[in-house]
Amino acid sequence: MGRSPPRFMAGVYARQLMETYTPDQISARLAVLRQEHRELDQRIERMAANGEDELEAKRLKRDKLRLKDCIARLEDMQIPDEPA
């Protein structure tokens, strides 16, 4: 099975996204990232159940963690800063 490039945003793009797009667009992007995270989770579970390639499973787990980090950063950016 060939390795496809990750479809999620890296952390650098998260800041640019917040500066460039509306809150609604960011919410839509979060929905897409969450769906990709769920799909990766299901794929990893299927691979584990079938005893498939462990190296591929580890790569998918790393991708899933990157997605989770990106989702968390975007969620944090949606919370308004509190005045000091």
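The figures follow:
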item	result
Where the range 32-81 is the region considered: accessible area per residue in Å², 1.4 Å probe	69
Within straight-line cross-link reach of Lys58, aspartates and glutamates at Cα separation under 14 Å, skipping those fewer than 8 residues along the same chain	Asp41, Glu45
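The values are calculated or read from the model by the stated rules, or taken from the named source; none is laboratory data. Predicted, not measured: the structure shown is a model, and the values here were computed from it. Please note that ligands, DNA and RNA were not included when accessible areas were found on the heavy atoms of the full protein model with its side chains. Shrake-Rupley method; radii C 1.70, N 1.55, O 1.52, S 1.80 Å.
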